[in-house]
1. Can you work out the base-10 log of I(q)/I(0) for the range 2-170 at q = 0.11 1/Å, using the Debye formula on its C-alpha atoms alone?
2. Taking only the alpha-carbon positions of the range 1-72 and ignoring solvent, what does the Debye formula give for the base-10 log of I(q)/I(0) at q = 0.13, 0.22, 0.26 Å⁻¹?
3. Put +1 on the Cβ of each Lys and Arg and -1 on the Cβ of each Asp and Glu in the range 34-114; which of T114, S41, Y94 then has its Cα farthest toward the positive end of the dipole?
4. To the nearest 500 deg cm²/dmol, what mean residue ellipticity at 222 nm is calculated for the chain from DSSP H runs of n ≥ 4 alone, each contributing -39,500 (n - 2.57), summed and divided by the residues?
5. Filter the DSSP H helices in the chain by two things, a Kyte-Doolittle mean of at least 1.0 and an axial alpha-carbon span of 27 angstrom or more, and list the hits by number.
6. Let's see if you can work this out: charge +1 on each Lys and Arg Cβ, -1 on each Asp and Glu Cβ, no other charges. What is the dipole magnitude of the range 2-170 about its Cα centre, in debye to the nearest 20?
7. Given R₀ = 35 Å, FRET efficiency for Y120-K92 by Cβ-Cβ distance, to 0.05?
8. Determine the distance separating the Cα centre of the range 2-22 from the Cα centre of the range 116-171; give it in Å without decimals.
Amino acid sequence: MMIINIISRIVSGTPFYVWVIFIFLLKRGIKASKDGELSLSKMFIMPSIFIIWGLEKLLIGFSYLGISMIFYAIFMCLGTLISYFLYSRYRKLYLKDGSLYRTGSYLTLTIIMTNFFVKYLLNIALSINPLLYNTLSFSILYALLCGFSVGLFIGGIFQAYNAYSRLKAAA
């Protein structure tokens with residue numbers, strides 16, 4: 001019963017705009033599970049939201065900014081490499097009528113929801129215990145998880161751009 005009370009307090013204490021973002025992200029992920037046109041410029045929207053969301057907290061709230069930014073950058077690169085590999089394997093791109101299209105995949109939905117829940121849970125931890133802003137271990141954990149999750153988006157963008165370049169050159 002205690003866990004249900006905690007979950008109920010967390011859910012009811014979540015601002016309305018977070019639920020709007022969640023629904024928007026869920027719709028985007030479900031849409032990506034079906035074949036469709038891919039806009040390289042629109043691919044920057046999602047990572048931008050998560051970069052701002054993560055860096056805003058790091059830059060404004062955390063005491064160990066320097067070390068946090070190092071871990072953010074390192075794990076963003078790692079997430080980018082892993083995502084590039086995953087998207088290369090599980091999403092195929094093709095040209096149709098001069099536009100770029102992608103095959104449907106649940107990889108995008110998985111990455112979007114992972115990003116959302118990582119940020120959501122980290123921010124819940126901070127709201128429950130604001131002293132975490134001043135701990136080195138949580139600063140590093142926050143930075144590496146945020147950096148890694150943003151890298152997952154960036155790898156998808158790189159993979160799409162490289163595939164698009166190859167397809168255009170071959171056409």
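Bear in mind these aren't lab numbers, they're just calculated from the coordinates by the rules spelled out. In this text, all values refer to a predicted model and were calculated from it rather than measured experimentally. Cβ atoms come from the backbone with ideal geometry, glycine included; neighbour counts cover every protein chain shown.
1. The calculated log intensity ratios at q = 0.11 Å⁻¹ are -0.51.
2. -0.66, -1.03, -1.11
3. Projecting each Cα onto the dipole axis, the largest value belongs to Y94.
4. Numbers: 6 runs with 128 residues, N = 171.
About -26000 deg cm²/dmol.
5. 65-90, 107-128, 136-170
6. Details: 15 positive and 4 negative charges, 103 e Å.
Dipole magnitude for the range 2-170 comes out near 500 debye.
7. 0.65
8. Centre-to-centre (Cα) distance: 22 Å.
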